[in-house]
Amino acid sequence: MARPWCSAPTEVSNKEPPQKGLIQAALQLVDSPAQLHLLHVMEPLETMSPGVITGNVTDEVRTQRVTEALTRLATDHGAGGAQIAVAIGTPGLAIADYAAAHATELILIPSHGYHGVKRLFLGSVAERVLRHAPCNVFVLRRSDAE
Amino acid sequence: MVPIQSLFAASLAETIDAKFGTIVGYMATVLFWEPVPAIPIPLIVLILLCGSVFFTIYFGFLNIRGFKHAIDITRGRYDNPNDPGEISHFQALTSALSATVGLGNIAGVAVAIQLGGPGAVIWMMLIGLFGMTAKFNECTLAQVYRKVHPDGTVDGGPMYYLEIGLQQRRIPFLIAKLFGLVFAIFCIGGSFGGGNMFQANQATAAIRGMLTNVIGTPAGIDWMIGGVIAFLVGLVIIGGIRRIGQVTEKIIPLMCGIYVLAGLVILAMNFKQIPEAALLIVTSCLSPEAAFGGSFVAVMVQGIKRAVFSNEAGVGSAAIAHAAAKTDEPVREGMVAMLGPFIDTVVICTMTALVVIVSGVYDDPTAGEGVEMTRKAFANTFSWFPIVLNISVFLFAYSTMISWSYYGEKAWQYLLGKSRANVICYRVIFLAFIVLGSVASLKNVIDFSDLMILSMAFPNIIGGVILAPRVKTMLGDYWTRYKKNAFVTYR
């Protein structure tokens, strides 16, 4: 039985949520949303940011907010009951590690589709996942990709 | 015998300084070009002056009519804990102030008086007052166009409002993007210079001054001090030790308090001389002496330059910090930001200026330059003050470096993305510049960084003027609701 899993992009956007297509695709592959894992990888804290210096922004607070956001996202798109996970680290590697730890059968991931200098420096999370993933990977090109 | 590393450092520093000299030459040609032949005002000063005056008139002297409301907001009267953002209004103001209050208030005022005469103080105060509305405009825009991430963290600042906001004003994508990119490049340059090397240089001088009596000046001491400062900054920005940043944030207001209190005590002890000092400031502004710059315009240019270096109004740097404030009313954060230039320039700089003038050191040729002059002015009354001032200089410099590392990194991320390797790359370069700034007095590099900070005003003020109608509409709506008492208060 397939146990797909997807990673949510990190930006809140006014455009059509890119996660919607991803979750809909994932739901096609599972018997129930409970088999789906929704993972969000957060960058490590910026220790010189005002939020961190004042003590308002901590990893605990961020994890709670992301968990709430992912739960809302899952509920809004018919995936209520999906397993919600939050990790901190380099997105590509953290996704691969998570997949290995949870015996994932398929990873679904969106791609921003950057080109040029931005691509060079940003790299591609999808590319890194492809290189390190212990299972099959399905990359969805985002509708708002550059 | 001179250590080999010192020779290497000296030659490396000289080579770098020489390279920067060429760039500084080109930049200065543009920035200090005088567009009006009859009036020798440099282009950048003209833009800053006209921009600030324009915003003040356009927003109906909000700096005066909104002052009381700004204080109420800062006191937390409207703080809704559920609003999106990272920090309260008060915390946003203190974060922004920790980047601006510092050497500009201590050394910059003395430099302005030395080069422009006491009359330069009037111009500093005026640009401080007009700069309040420039700050209002940029910080409101930073809130409007910020990105709030699912984890609650925020990205915002001029690069975002220039890129997105200008497109909404029907400016073609490429031009809007160019505004954002140019701002980000200048911001990164400023973060390595004025926000880093200049601070490291002054902090090193302060520590060296304190250590001289204890251990003398052994060879390579600047390397060691620079290394220690870089290590201490590195603990926060690479090591992730939050506690240091948190402690620094608490000490800075205390140091500010001690500084202002000492200044006020000196002024109180010499209160009979204050009217005379005030008269001197006014008369030398209207009829400048040849010894100080010579002309009305030269005095004005000095005053404006030093005020802008001190409060950064129109430059757009503080907007990056103010973007993180918790609110769903962008105008509200803009009003809080207005207090920044007031506290920084109108209060602290004016106080320093009065102490320097009242103590008589301003026309004492033996008083030294910049921070030395201020030190002597305070030491005339309190012999222990130089120690406090040295500690203050170090702490102000330290907090300014941390704040500017954040501004620079945000600009760096805007340009090159948020990947971990990319961010670490910026931070390592930042630390290397600290050491470089400590070991050598690199005139060209520091001039370069000054010019970079001033250059940030080009895209920021031009873009800010184009976007001002949107802010004005929002302000009108906000002010109507405020007058109708339509806001929920929490305190």
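Tabulated results
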read-out: Accessible surface, per residue, of region B:234-318 when the full set of protein chains is kept, probe 1.4 Å, Å²; value: 45 Å²
read-out: Members of B:177/B:326; B:250/B:410; B:19/B:305; B:19/B:443; B:135/B:418 lying beyond 19 Å, as alpha-carbon distances in this model show; value: B:177/B:326; B:250/B:410; B:19/B:305; B:135/B:418
read-out: Mean-position separation - Cα centroids, region B:36-56 and region B:453-469, in angstrom; value: 13 Å
read-out: Under-5 Å amide H pairs with residue A:140, H placed in peptide plane, nonlocal only; value: A:109, A:111
read-out: Region B:342-445: GluC sites (Glu not before Pro) in DSSP loop, at most 15 other beta carbons within 10 Å; value: B:369
read-out: FRET efficiency, residue B:369 to residue B:77 (Cβ-Cβ, R0 35 Å, nearest 0.05); value: 0.20
read-out: Phi to ³J(HN,Hα) by Karplus 6.51 cos²θ - 1.76 cosθ + 1.60 over region B:77-89, Hz, x for Gly, Pro; value: 4, 10, 5, 9, x, 8, 5, x, x, 9, 9, 6, 4
read-out: Per-residue mean of C-beta atoms belonging to partner chains within 10 Å, peptide A:36-49; value: 6
read-out: Of all DSSP beta bridges in the protein assembly as shown, antiparallel share, percent nearest 5; value: 10 percent
read-out: ³J(HN,Hα) computed for each position of region B:27-39 - Karplus, 6.51 cos²θ - 1.76 cosθ + 1.60, integer Hz, glycine/proline x; value: 5, 5, 4, 6, 5, 9, 5, 9, x, 9, x, 6, 10
read-out: For residue B:314, residues with placed amide H under 5 Å, excluding near neighbours; value: B:135
read-out: Kirkwood estimate for the protein assembly as shown, i.e. one over the average of 1/r between Cα atoms, Å; value: 26.0 Å
read-out: Modelled FRET efficiency - R0 25 Å, residue B:481 with residue B:264, Cβ distances, 0.05 increments; value: 0.05
read-out: Average Cα contact separation per residue, region A:19-141, under 8 Å, 6 or more apart, as relative contact order %; value: 29 percent
read-out: Loop-resident sites, region B:168-249, for trypsin sites (Lys or Arg not before Pro), counting at most 12 other Cβ within 10 Å (DSSP); value: B:169, B:170
read-out: Normalised contact order of chain B, rounded percent, pairs of Cα under 8 Å and 6 or more residues apart; value: 36 percent
read-out: Apportionment of accessible area to carbon and sulfur, chain B, percent (1.4 Å); value: 69 percent
read-out: Size of the B/A contact, given as accessible area buried on both chains, probe 1.4 Å, in Å²; value: 2800 Å²
read-out: Positive-pole candidate from B:336, B:351, B:252, dipole of chain B, charges at beta carbon; value: B:336
read-out: Candidates per chymotrypsin sites (Phe, Trp or Tyr not before Pro) in region B:304-385, loop by DSSP, up to 11 other Cβ within 10 Å; value: B:384
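The values are calculated or read from the model by the stated rules, or taken from the named source; none is laboratory data. Worth saying up front: this structure is predicted, and the values here are computed from it rather than measured. A quick note on method: Cβ atoms are made from the backbone with ideal geometry, for glycine too, and the neighbour counts reach across all protein chains shown. Remember, those area values only see protein heavy atoms, side chains included, never the ligands or the DNA or RNA. Shrake-Rupley method; radii C 1.70, N 1.55, O 1.52, S 1.80 Å.
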